[in-house]
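*Asks:* Below are the structure tokens for one structure; questions will follow.
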Amino acid sequence: MPELPEVETVRRGLEPVMFGQRIAAAEVRREGLRWPFPPQLAQRLTGATVTGLRRRSKYILMDLDSGEVMLWHLGMSGRVLISGVVTGGFHHEHALPQKHDHVVLDMGQGARITFNDPRRFGVIDLMTAGAEGTHPLLAKLGPEPLGNDFNEDHLASRLAGRRVPIKQALLDQHIVAGLGNIYVCEVLHRAGIHPTRAAGEVTTAEVAQLVPLIREVLQEAISAGGSSLRDYRQTDGELGYFQHAFRVYDRSGDSCATEGCPGTIGRIVQGGRSSFFCPCCQR
DNA sequence: ATGGGGGCCTGCCGGC
DNA sequence: TGCCGGCAGGCCCCCA
């Protein structure tokens with residue numbers, strides 16, 4: 001489910017109710033998700049104050065005054081909902097526990113944060129502060145696509161000589177961290193690049209276009225609160241609305257949105273994932 | 001090093 | 001109505 005824009009939207013939702021607040025109670029309702037939770041998770045969280053909320057790629061990092069950092073990944077179906085607070089004059093009551101609510105945090109001020117994940121591909125872990133660089137899930141990640149380390153030189157050097165399709169290269173989190181299936185499809189369409197083209201065959205000029213287009217698509221999606229297809233929701237339960245701006249993703253059979261292009265959006269499978277593209281204007 | 005494919009889970013949707 | 005196959009915003013791991 002969540003790619004960078006969705007995770008950033010969740011982070012922004014959590015910030016006002018978690019930053020500077022104490023975790024009064026932590027309920028851990030199963031042993032783990034994709035991997036077992038760290039030992040004594042609930043005890044290690046209880047009483048800690050959140051001193052920072054950061055995002056790295058598709059991970060949310062919560063700094064705790066206990067000297068630990070909690071890492072969340074939402075996998076394919078993870079959701080984070082906030083209840084018990086007033087937003088926009090509306091009071092969100094605590095809901096009854098739902099199926100697949102795995103971890104519940106009650107903050108000192110009354111907000112409740114619930115991590116729900118039906119497919120359980122998500123991750124929750126704890127690490128020592130400052131250990132981000134060595135955490136196995138974070139250590140080898142490529143640069144943040146919205147940061148300065150992601151630029152034409154970096155992308156060109158990582159694509160050079162690679163025979164993998166550009167679609168799969170952009171999904172590779174070691175090359176650039178945070179893109180997923182939706183946004184790679186959208187980026188390649190805006191760039192006019194066919195998803196099956198070998199990464200090493202993407203020209204210098206095209207790489208130069210890809211960098212700002214990746215930033216553009218991600219920024220637009222963040223501004224829209226992410227994309228809601230099936231399970232994703234913002235932390236207040238509202239849908240994201242970038243899905244209305246999709247030009248190719250899940251639009252097989254639609255007319256191409258490119259000005260003057262007579263093409264029809266098609267679908268192929270690459271690396272076991274659907275790729276949506278216009279065979280006419282993507283070459 | 002690179003690449004391909006399997007596997008982890010649950011839920012939903014369409015076809016028969 | 002019920003069953004079954006296919007598919008889903010991710011990513012690790014093993015094999016050649």
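The values are calculated or read from the model by the stated rules, or taken from the named source; none is laboratory data. Quick caveat: nothing in here was measured; it's all calculated off a predicted structure. As a convention, Cβ positions derive from the backbone with ideal geometry for all residues, glycine included, and neighbour counts pool all protein chains shown.
*Asks:* For residues that are of a type in the set (G, A, S) and touching a helix residue (DSSP H, G or I) at 6+ places or on another chain (Cβ under 9 Å), scanning just the stretch A:235-283, find the one that is nearest to DNA strand B (Cβ to nearest atom). Break it down into steps so the answer makes sense when it comes.
*Replies:* Filtering the stretch A:235-283 for residues of a type in the set (G, A, S) gives A:237, A:240, A:245, A:252-253, A:255, A:257, A:260, A:263, A:266, A:271-272, A:274-275.
Keeping just the survivors that are touching a helix residue (DSSP H, G or I) at 6+ places or on another chain (Cβ under 9 Å) gives A:240, A:245, A:257, A:271, A:274-275.
Working: A:G240: 18, A:A245: 22, A:A257: 23, A:G271: 6, A:S274: 13, A:S275: 13 Å.
Selected residue: A:G271.
*Asks:* Oh, and also: Can you tell me how many residues in the stretch A:100-122 are surrounded by fewer than 17 Cβ atoms within 10 Å (Cβ to Cβ) and away from DNA strand B (no atom under 16 Å from the Cβ)?
*Replies:* The total comes to 3.
*Asks:* Mind listing just one residue for me: the one in the stretch A:1-50 that is touching a Ser or Thr at 6+ places or on another chain (Cβ under 9 Å) and hydroxyl-bearing (S, T, Y) and, of those, nearest to DNA strand C (Cβ to nearest atom)?
*Replies:* Across the stretch A:1-50, the extreme among qualifying residues is A:T9.
*Asks:* Is there any pair with a first residue in the stretch A:219-233 that is closer than 15 Å to A:R12 by Cα and a second that is modelled with pLDDT under 85 and more than 14 Å from DNA strand B (Cβ to nearest atom) whose Cβ atoms are under 6 Å apart and which are 6 or more apart or on different chains, and what are they?
*Replies:* A:G225/A:Q234
*Asks:* Let me ask you something else. Name the pairs: first residue in the stretch A:137-153 and without any contact (Cβ under 8 Å) to a residue 24 or more places away in the chain, second residue surrounded by 17 or more Cβ atoms within 10 Å (Cβ to Cβ), Cβ to Cβ under 6 Å, at least 6 apart or on different chains?
*Replies:* A:D149/A:P143
*Asks:* So if I check each of A:L53, A:L81, A:L41, A:L14, which one is farther than 30 Å from A:V184 by Cα and assigned by TED's automatic domain parsing to the domain that holds A:R120? Before the answer, list the steps.
*Replies:* Working: A:L53 fails: farther than 30 Å from A:V184 by Cα; A:L81 fails: farther than 30 Å from A:V184 by Cα; A:L14 fails: farther than 30 Å from A:V184 by Cα.
Every option except A:L41 fails the conditions.
*Asks:* Which of the residues that make up the stretch A:222-279 are within 8 Å of DNA strand C (Cβ to nearest atom), of a type in the set (A, V, I, L, M, F, W, C), assigned to a loop (DSSP other than H, G, I, E, B) and over 16 Å from the mean Cα position of the chain (by Cα)?
*Replies:* none
*Asks:* Also, I was wondering about something else. Residue under question is A:I182, and the condition is that it be within 16 Å of DNA strand C (Cβ to nearest atom), assigned to a helix (DSSP H, G or I), surrounded by 15 or more Cβ atoms within 10 Å (Cβ to Cβ) and within 16 Å of the chain's Cα centre (by Cα); does it hold? Talk me through it step by step, then tell me what you get.
*Replies:* Numbers: within 16 Å of DNA strand C (Cβ to nearest atom): yes; assigned to a helix (DSSP H, G or I): yes; surrounded by 15 or more Cβ atoms within 10 Å (Cβ to Cβ): yes; within 16 Å of the chain's Cα centre (by Cα): yes.
The answer is yes for A:I182.
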